[in-house]
Structures are given as structure tokens and as C-alpha cells.
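Note sheet for the following structure.
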Amino acid sequence: MIEFLENITPSTTMALVIHAMIPLGLILVYALFAIWMERKVAAHVQDRLGPMRVGWHGWAQTIADMLKLLQKEDIIPTDASRFLFRFAPFLIFVASYAAFAVIPFSSGYIGSSINIGVFYLLAITSLLTLSVIMAAWASNNKWSLLGGMRSAAQMVSYEVPTIMSVLSVIVVAGSLNLMTVTEMQSGNEILGFLPNWLIFQNPFLLVAFVIFFVSILAESHRVPFDLPESESELVAGYQTEYSGMRWGIFMLAEYADMLLLSLLGVVLFFGGWNSPFGTFMDGPVWGFFWFMLKGMLLVFVMMWIRWTLPRYRVDQLMRICWNILIPASFVNFVLIALWEMIF
Amino acid sequence: MELTAILFYLFSILTVGAAAVMVFSRNIVHSAFALMFALVGVASLYVLLYADFLAATQLLVYVGGILILILFGVMLTTQGHNLNFKSVSVNLIPASILSVTAAGLLIFAFTTTAWAFIEPVERSETVYELGMLLMGDYILPFIIVGVLLLIAIIGAILMSTRLATTSDTTSSDLTE
């Protein structure tokens, strides 16, 4: 990809900038689609129709909403810490966007094929919590602060099962580079027809995926773990004081985070850009199609859960993490290592 | 100017500027956030030195640490801006003598050392070599550090549960 860009653009710097901007365009289009999809999923779960007026089945509703958000007044509370208040939405988006650099979108495109891929991703997403705390503290509002504190407690706790389940995949795959992890999952050899995806390779990886999925629900603040922004208790949590486009950037970052964690799950468990039918519909462009399809399926499951389940209390949230997920992930890790040693 | 050079100066300015804000800010939470920016800047400088594993570790360990620091800062200043937690300067003269001496030594070391420049041909597999070294030559220190951290965690859990159980017994004593 980068060689191709260097050939069609006048300078290397320009090629690098375009190379780095490709996921941004993808995220913007995805966010417009995902917000519309969320409203449609919510509506159909509740036996309604959802947005129907703007375009076919309301497909352009998000574009209209975005134009409205752009025109809104940007209100900053008098007692807010002005610089941090303005800066926090950008930092949260930078944190989730920077993590896209190591995601292999297809066999032809990965932002940076570094050897520490997953490790870098987990490290850079720790900036997300900090930016939530930054927004919460800078708003100088009790609801914001409570939301921010809850978010910090939640992220610090759920980081442990996430890292343990990612680590169990890395033990099987033997590489931190997500491109290598994807490449070793190509082919259809399990039981004669199943693709060589890691989730089919080892029975304990199925357990690891369940732990991983529950943890990413908590890390991206989705129901049933959306306590940092639970609207019945905290108004809107850390976003309470935000308005206009700054609030819009929070929304964008939240959806980008959902996509990022879903795509990470796809790479680690569902074969990344590999086609489920072996060499049928293969190649870089089809690879991108399969990758996004699998990612959007996981995003859809997240939305489905959001509109089906009620919210947990704070103590239940912590008990699920420390009493169930963390012991289970450690035991599962040892079992996976044993399975890899024996077979 | 080369792209790498521009990035180097950008991140250097970020690091030094954030460090200055951290030292001179009167607000403890602002200082903590400035420290975070300084550490992120240092991590970026590691990336420019091809030490990507070190950079990611820097982010994971120090940014997580800053988070805890900020939580303590927020807990101490729950009133936000209405009650400013003022940081005051004490021991001004000994501290300035010490820092001027340290700065002098650092500048002396920087100017007198014959720096060897090695241009790395390409990215090396630092993670692989690090893993081999940790599991081979440095296995004993690695295990000792692991045991030490485990003892620290068990100690922390013991201290927190002991507090909880003593409060439980006192409350049950009262009801009896």
C-alpha cells in the first residue's frame, strides 16, 4: 500500500500522511452508519420503526444530526478548567485512533506492521481512561466526576481479564504482530471444512473469547456495563457538561472504540481478513470486506445486548470482574498453555 | 528538514513544555496531567530511537500510574476549583543548590562524553531478543522480581481485608 501511494504522490511525506489517514475516513463512514444502525436495532428490539423520514428507512438521519451538531453553540461552564475541558474530547479520539495503526484491515493494508502490535494497542488504549477522567474532572460537575471515577475503577478492573484473554491467544499464535496472527489462521483444515480460526483450534479459546467479549463490553462502556454514563443516575456521566461538536467527538470516539475492540476480537479469534470459505472470494479487497463484515457482526451483537439487558449495579460489576472473570481467565490461561504443550 | 527531525523537535518541545507546566502549576491535578504529557513525549522519543517495546511499556506502566495519581489528586480536591489545593514551596535554598549541581553534572557529562553514533539499518526484533534474554540469562532476577511483586500484592490485599474484618467485628460487638 505504502509503495503504491509513494508512486502516485509527489513526496514520501504526503504518501505517509495519506497512508495514516485511511482508517480515519473508514471510521467516519462507519460512525455515520453505526449510529443509524444502533437506532434501527433499538427500534426493532422495542417493536418500533426508528428513523424513517430522511432518505430510505432514514439512512441519512445521522448526516442531518451531524449538520445540526456542527451549528450548535459550544458551551463551556464558567468554573470549568478551560484548557483540559476543551482538550479532553480530542485526546479520547486520538487514543482510540492511534490504536487503529496496528489493525491489519486486509492483506494489503496495515498502518504499521510493528512486532509489538497487541502490546502497543493495549498500552495506547490506557490513554482512553485518562481522557475520560480529564473530561470528568475539568467539567467541575458532581455527575461528571462520579462518572469519571466509575469509569476509572471499571477500566482498571476489566483490563486484567482483557489482557489475560489476549495473552492466551498470543500463547497459541506465538506472535504479537497482528498481521502474523492473521496469516497463521488462513486455510480450512479443521474437521475437513472449518476454517483455521483460532477459536476452532483449541476448546479453551472459546472460553477465552467469552471472557474477552464480556471485558470489551465493559471497556467500551456498553450496557450492561455503562455505569460511567448511566442516564438514570448520572444524567450523562462524564459527558454531562459537553455540548455541540465536542459532545459529537465523544460519540465518535465511543463508536470508534467499539469498532476497534470488535476488530481486535476478529483478528484474535475469527481469522481477521481470512475468508471463511478458504480461497473462495480471497484477495486484499475481499479480505477487507470479510474483515469489516465480521467486525460489524460483533458490533451488532454489542448493540443487541445493549437493548436487551438491564444495567448492573456498581458492586455487581466489580464482583463479576474480580470473583468470576479474573479467576476464570487465569485458570483458562493455564489450561490453554497445557493444551498447547500436549497437542 | 526531514520528517523524523520535525517529529523529534515536536515531541521534545512537548516533553519539556509539559514538564515545565508540571513543576510550575499550582494545581495538583493540572500537574498530574502535565506529567502524563511529559511521559507520553518521552515514549514518542523512544519510538524515534527504534525502542518500540520500551515505548509501549512506558505508556502502559507510567500512564496507568498517572491515572492512580490523578485519582488521589481528585479525591484530595473533590471541591474542584472552589477549593484549590495549593502546593507551597519549602526548602527553597537546598533544593536549588542540589538541582543546579545536578544540572551542571549532566551538562558536563553531555559535553565531555564521546557519543558513538550507530545508525540502525532496520527495525530489529527487540521483543524476541528480550524474551530470550529474560527466559535465559536473566531468569533469576526475573523470577525474583515476580515473587517480590506477588508479595506486595498479597500484602496489599491482607492490609485492606484486615481493615474490613476489624470494622465488621466492632459492629457485631456493638449489636451484641
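Key figures for this structure:
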item	result
Among residues of region A:76-110, those that are surrounded by 14 or more Cβ atoms within 10 Å (Cβ to Cβ), farther than 21 Å from A:L259 by Cβ and among the β-branched types (V, I, T), counted	1
Search result, residues across region A:80-139 that are of a type in the set (S, T, N, Q), under 25 Å from A:F270 (Cα atoms) and under 16 Å from the mean Cα position of the chain (by Cα)	A:S96, A:T125, A:S126
Hits in region B:12-37 - residues which are within 13 Å of another protein chain (Cβ to nearest Cβ) and either among the polar types (S, T, N, Q) or under 17 Å from A:V132 (Cα atoms) (or both)	B:S25, B:N27, B:V29, B:H30, B:S31, B:A32, B:F33, B:A34, B:L35, B:M36, B:F37
Enumeration of residues in region A:229-245 that are surrounded by fewer than 24 Cβ atoms within 10 Å (Cβ to Cβ) and within 20 Å of the chain's Cα centre (by Cα)	A:E229, A:S230
Residue that is nearest to the other protein chains (Cβ to nearest Cβ) [pool: residues in region B:38-53 that are free of Cβ contacts under 8 Å to residues at least 24 places away in the same chain and more than 21 Å from A:I133 (Cβ to Cβ)]	B:V47
Residue match in region A:14-28 (condition: among the aliphatic types (A, V, I, L, M), crowded, with 16+ Cβ neighbours inside 10 Å and either touching a strand residue (DSSP E or B) at 6+ places or on another chain (Cβ under 9 Å) or over 26 Å from A:L260 (Cα atoms) (or both))	yes
Region B:58-70 residues that are more than 9 Å from chain A (Cβ to nearest Cβ), paired with ones that are in a helix (DSSP H, G or I) (beta carbon under 6 Å, 6 or more apart)	B:Y62/B:L39; B:L69/B:A32
Where a residue in region A:35-54 is over 13 Å from A:D65 (Cα atoms) and its partner, wherever it lies, is part of a helix (DSSP H, G or I), with Cβ under 6 Å and at least six apart	A:E38/A:M303; A:V41/A:M303; A:L49/A:A43; A:G50/A:R39; A:G50/A:K40; A:G50/A:A43; A:M52/A:G58
Selection from region A:1-13 of residues that are surrounded by 15 or more Cβ atoms within 10 Å (Cβ to Cβ) and charged (D, E, K, R)	A:E6
Hits in region A:34-75 (condition: surrounded by 15 or more Cβ atoms within 10 Å (Cβ to Cβ) and farther than 26 Å from A:I305 by Cα)	A:V54, A:L69
Hey, A:I18 in a helix (DSSP H, G or I) and in contact (Cβ under 8 Å) with a residue 12 or more places away in the chain or not	yes
In region A:250-303, residue modelled with the highest pLDDT [restricted to those that are buried (at least 20 other Cβ atoms within 10 Å of the Cβ) and not in a helix (DSSP H, G or I)]	A:F270
Within region A:284-333, tally of residues that are among the polar types (S, T, N, Q) and free of Cβ contacts under 8 Å to residues at least 60 places away in the same chain	2
Selected residue (only one of A:R319, A:R311 is touching an Asp or Glu at 6+ places or on another chain (Cβ under 7 Å) and either within 14 Å of A:F209 (Cα to Cα) or basic (K, R) (or both))	A:R311
Odd one out for B:Y46 among (1) surrounded by 20 or more Cβ atoms within 10 Å (Cβ to Cβ); (2) at pLDDT 85 or above	(1)
Any chance A:V214 is within 25 Å of A:L335 (Cα to Cα) and either outside any helix (DSSP H, G or I) or touching a Pro at 6+ places or on another chain (Cβ under 8 Å) (or both)	yes
Answer residue from region B:55-94, given it is assigned to a loop (DSSP other than H, G, I, E, B) and among the hydrophobic types (A, V, I, L, M, F, W, C) and is modelled with the lowest pLDDT among those	B:L83
Residues satisfying the stated conditions in region A:146-169, i.e. in contact (Cβ under 8 Å) with a residue 24 or more places away in the chain, facing another protein chain (nearest Cβ under 10 Å) and of a type in the set (A, V, I, L, M)	A:A153, A:M155, A:V156, A:I163
The listed residue being in contact with a Lys or Arg (Cβ under 6 Å, 6 or more places away or on another chain) and not β-branched (V, I, T), out of A:P104, A:P89	A:P89
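Table: residues versus (1) more than 21 Å from A:L127 (Cα to Cα); (2) touching a strand residue (DSSP E or B) at 6+ places or on another chain (Cβ under 6 Å).
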position	(1), (2)
A:A218	no, no
A:H221	no, no
A:L234	yes, no
A:G237	no, no
A:E254	no, no
A:L264	no, no
A:F270	yes, no
A:W273	yes, yes
A:V285	yes, no
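To keep it simple, each residue is scored yes or no on (1) in a helix (DSSP H, G or I); (2) away from chain B (no Cβ under 14 Å); (3) under 29 Å from A:V17 (Cβ atoms).
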{"position": "A:E73", "(1), (2), (3)": "no, yes, no"}
{"position": "A:T78", "(1), (2), (3)": "no, no, no"}
{"position": "A:F83", "(1), (2), (3)": "yes, no, yes"}
{"position": "A:L91", "(1), (2), (3)": "yes, no, yes"}
{"position": "A:A98", "(1), (2), (3)": "yes, no, yes"}
{"position": "A:A101", "(1), (2), (3)": "yes, no, yes"}
{"position": "A:S113", "(1), (2), (3)": "no, no, yes"}
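The values are calculated or read from the model by the stated rules, or taken from the named source; none is laboratory data. Quantities reported herein were computed from a predicted structural model and do not represent experimental measurements. Because the Cβ atoms are built from the backbone with ideal geometry, glycine has one as well, and the counts that use them run over all protein chains shown.
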